[in-house]
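Novice: If you scroll down you'll find the structure; I have some questions about it.
The values are calculated or read from the model by the stated rules, or taken from the named source; none is laboratory data. Please read all numbers here as calculations on a predicted model, not as lab measurements. Cβ coordinates were reconstructed from backbone atoms using ideal geometry, including for glycine residues, and neighbour counts include every protein chain displayed.
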Protein chains: 2
Amino acid sequence: MAKDLPTLEDVARMSGVSTATVSRALNAPKRVRPETLARITDAVAQLGYTPHFGGRALASNRTFTVGAVIPTMENAIFARGLQALQEQLSAQGVTLLVSTSNYDPDEEAAQVRALLGRGVDGMVLIGEARDAQVYTLLERRGVPFVLVWTWRPDCPWPCVGFDNAEAARAMAQQVLDLGHRRIAMIAGITRGNDRAAARVDGVRGALDAHGLSLPADRLVESDYSLEAGAEAARRLLAQTPRPTVILCGNDVLAAGAYAAIRDAGLSVPADISVTGFDDIDLAHVLSPGLTTVHVPHRRMGEAAARMLLAMGADGAAPDGVALQTGIVRRGSLAAPPPG
Amino acid sequence: MAKDLPTLEDVARMSGVSTATVSRALNAPKRVRPETLARITDAVAQLGYTPHFGGRALASNRTFTVGAVIPTMENAIFARGLQALQEQLSAQGVTLLVSTSNYDPDEEAAQVRALLGRGVDGMVLIGEARDAQVYTLLERRGVPFVLVWTWRPDCPWPCVGFDNAEAARAMAQQVLDLGHRRIAMIAGITRGNDRAAARVDGVRGALDAHGLSLPADRLVESDYSLEAGAEAARRLLAQTPRPTVILCGNDVLAAGAYAAIRDAGLSVPADISVTGFDDIDLAHVLSPGLTTVHVPHRRMGEAAARMLLAMGADGAAPDGVALQTGIVRRGSLAAPPPG
């Protein structure tokens, strides 16, 4: 369906300069005199010229695009971090292209291949768990990549994130300190999602250290949606004795749990406490406010952009960046009800 | 930074078939015998082969990618519609690449050029208001595009959306029917955002029909964030007499207004009513629930995908698709307080 495309030569002819000058204007505009740059910019706009991927990549090995594959756009979990990543890249003239995998490892691998096929200069992927072939592909192509939303001391790849297990452990510890013993958890689907699995591990670790366990009937895995979170909470609320607290794998699940608790005629935190993970807008607007793990989404996105740009510039493998999470105490977590 | 890339020939050699068979396996896998397809798929994975954009596009004029430029990923406004668009495209083997413009028309134009430079088969853009050069560029390139989140009877481009003005007018009409007369509005920034502007027009239209107006001090434009929405609401709450209702340009602004109202020691809806627009998760979890305009985000995304795929197939200019919005009544809207 493509028509004849305007060329670099067409732009040069219309603006009365050499193709080298046009090329310089597109790649390093500060090195071109303002009036010349204005003429070239006008010609580019009038002709509808866009730098041809092939030629530009061959000329400079750079396409000035970075690809990111995220599990979903359906909720706001990844929104703020991605936005910060995009803004930081954009400030350096790099366009971020995002695609989604629906939490499906095969789909993620396909999206990585599609983005590599579009000639991205770098890639951002969420978490660490994926088929070794994806890592092999990225390394064989020599395309720098950064893993985000995850960090652990011995991660073999460049990562910018936080210790999901440790953050969940700290939250479970607070819950234990308040006297809770009948502790339930609504986790994300752990298969193929190392962040969800690490959060379960963290909760288990805190309970183990107190001689407690997380029995199978007190752990429900759930899609990350309000509706699924509410359904998972209904199953937990039907148990006798009822759990005194529900630790949720993220804030969306916690918001679903609030709805189920309200529908059951119970109240947060008088009858049952709830905690979340992420500290997205939902956590602020729930009533009572949600006690949750604050994830520094903006700093994570910015740090990932900086790391990726540095890798593109010098090719060295950087150290991972570990960001601190914190627990934000709001009204949803209190001591368990008596009895 | 790119190393020597594996070629179609490498894949053919390793899997013991012709390059034509490899090409068919990549473009129409159902036309290849399962055992042959498995051999080729293995070879593709082992070699880390990805179809080369240039060759593939020249061979078939299709890159099996669609680009979307959205204003922001920072909140969940566009999340559900984009996700539905992505799922529908993905079911047809098409990858959606999303980039963001930060509500900046120049930035949007740059992102459109970047995506065209990556060789997308089609584009999805939000709303109708943009520089004519962007439309000229898209038409000159012969790349099909669909506008979403907007629909009006005489829109000259293919659009899938809803009548923003009419939806806002209907909400304002409900507010008037309940007896409100001191009506305020927190709108999105209208410059360069035809959806935000249309929602203001709709509210004005309903008030005009009742001989009322929306004076300048009762209309605050605000960035779409919780914090900015709260700040805008504080300005409105400081007025004497106070408005009895705040119509918000979207649910994020409404959530911000709730926070400001609570901080002022007032209650929704006893002291002041609040309405939203979008019906995203936030609207469900606010307490009381938010009365808002329900936008059929999933159906809009799916319809946009179908339209784009049909345009790609036959090149005909389709009719626009107008989806119905509806008002969801929850607890945040009541009659004005006496006096």
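Novice: I'd like the residue in the range A:211-243 that is outside any loop (DSSP other than H, G, I, E, B) and touching a helix residue (DSSP H, G or I) at 6+ places or on another chain (Cβ under 6 Å) and, out of all such residues, is farthest from the other protein chains (Cβ to nearest Cβ).
Specialist: It comes out as A:Val220.
Novice: Is there a residue in the range B:214-232 that is within 29 Å of B:Arg299 (Cβ to Cβ) and β-branched (Val, Ile, Thr)?
Specialist: no
Novice: Further question: Quick one: what pairs do we get from the range A:273-292, first residue in a helix (DSSP H, G or I), second at pLDDT 95 or above and among the polar types (S, T, N, Q), C-beta under 7 Å, 6+ apart or different chains?
Specialist: If the second residue must be at pLDDT 95 or above and among the polar types (S, T, N, Q), the pairs left are A:Ala283/A:Thr292.
Novice: Is one or more of the residues making up the range B:129-148 of a type outside the set (Ser, Thr, Tyr), under 19 Å from the mean Cα position of the chain (by Cα), crowded, with 23+ Cβ neighbours inside 10 Å and outside the structural domain of B:Met307 (by TED's automatic domain parsing)?
Specialist: No, the conditions are met nowhere in the range B:129-148.
Novice: Select, from B:Asp278, B:Asp271, the only residue that is closer than 29 Å to B:Phe145 by Cβ and of a type in the set (D, E, K, R).
Specialist: Of the residues listed, the single one that is closer than 29 Å to B:Phe145 by Cβ and of a type in the set (D, E, K, R) is B:Asp278.
Novice: Now a separate question. Inspect all residues belonging to the range A:328-337 and state whether any of them is within 28 Å of B:His284 (Cα to Cα), outside the structural domain of A:Val69 (by TED's automatic domain parsing) and assigned to a helix (DSSP H, G or I).
Specialist: no
Novice: Looking at the range B:65-81, which of its residues are closer than 23 Å to A:Asp279 by Cα and facing another protein chain (nearest Cβ under 7 Å)?
Specialist: Within the range B:65-81, B:Thr72, B:Met73, B:Glu74, B:Asn75, B:Ala76, B:Ala79, B:Arg80 meet the criteria.
Novice: Here is a further query. When the range A:188-234 is examined, which residues are found to be out of contact with any strand residue (DSSP E or B) (no Cβ under 8 Å at 6 or more places or on another chain) and more than 26 Å from B:Asp281 (Cβ to Cβ)?
Specialist: A:Asp201, A:Arg204, A:Gly205, A:Ala206, A:Asp208, A:Ala209, A:His210, A:Gly211, A:Ser213, A:Pro215, A:Ala216, A:Asp217
Novice: I've got another one for you. Identify the residue in the range B:273-286 that is aliphatic (A, V, I, L, M) and more than 20 Å from the chain's Cα centre (by Cα) and, among all such residues, is modelled with the highest pLDDT.
Specialist: Of everything passing the filter in the range B:273-286, B:Val274 is modelled with the highest pLDDT.
Listed here are the residues, each with its yes/no results for (1) within 18 Å of A:Val160 (Cβ to Cβ); (2) among the acidic types (Asp, Glu).
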site: A:Leu82; (1), (2): yes, no
site: A:Glu87; (1), (2): yes, yes
site: A:Gly93; (1), (2): no, no
site: A:Glu107; (1), (2): no, yes
site: A:Ile126; (1), (2): yes, no
site: A:Gly142; (1), (2): no, no
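Novice: On the basis of being touching a Lys or Arg at 6+ places or on another chain (Cβ under 8 Å), surrounded by fewer than 16 Cβ atoms within 10 Å (Cβ to Cβ), assigned by TED's automatic domain parsing to the domain that holds A:Gly188 and within 27 Å of B:Leu290 (Cα to Cα), does A:Ala264 make the cut?
Specialist: yes
Novice: Starting from residues that are facing chain A (nearest Cβ under 9 Å) and of a type in the set (Asp, Glu), keep the ones in the range B:105-130 and report whichever is nearest to A:Gln86 (Cα to Cα).
Specialist: Among residues in the range B:105-130 that are facing chain A (nearest Cβ under 9 Å) and of a type in the set (Asp, Glu), the one nearest to A:Gln86 (Cα to Cα) is B:Glu107.
Novice: A further question follows. Could you go through the range A:260-269 and let me know if any residue there is in a loop (DSSP other than H, G, I, E, B) and under 25 Å from the mean Cα position of the chain (by Cα).
Specialist: Among the residues of the range A:260-269, not one is in a loop (DSSP other than H, G, I, E, B) and under 25 Å from the mean Cα position of the chain (by Cα), which makes the answer no.
Novice: Mind checking whether some residue in the range B:70-85 is part of a strand (DSSP E or B) and modelled with pLDDT of 90 or more?
Specialist: Yes - at least one qualifying residue is present in the range B:70-85.
Novice: Looking only at the range B:82-104, how many residues end up being buried (at least 22 other Cβ atoms within 10 Å of the Cβ) and either facing chain A (nearest Cβ under 8 Å) or not polar (S, T, N, Q) (or both)?
Specialist: So the count comes out to 12.
Novice: Which of the residues belonging to the range A:185-198 are under 19 Å from A:Ala257 (Cα atoms) and in contact with a Ser or Thr (Cβ under 9 Å, 6 or more places away or on another chain)?
Specialist: Within the range A:185-198, A:Ile186, A:Ala187, A:Gly188, A:Ile189, A:Ala196 meet the criteria.
Novice: A further question follows. Checking the condition under 26 Å from the mean Cα position of the chain (by Cα) and either under 30 Å from B:Val98 (Cα atoms) or surrounded by 21 or more Cβ atoms within 10 Å (Cβ to Cβ) (or both), which residue from B:Gly289, B:Gly256 passes?
Specialist: B:Gly256
Novice: Does A:Thr190 satisfy the criteria of being farther than 29 Å from A:Thr136 by Cβ and surrounded by 15 or more Cβ atoms within 10 Å (Cβ to Cβ)?
Specialist: no
Novice: Give me the residue from the range B:293-313 that is over 10 Å from B:Leu89 (Cα atoms) and hydrophobic (A, V, I, L, M, F, W, C) and, out of that set, surrounded by the most Cβ atoms within 10 Å (Cβ to Cβ).
Specialist: Step by step, filter the range B:293-313, then rank; the result is B:Val295.
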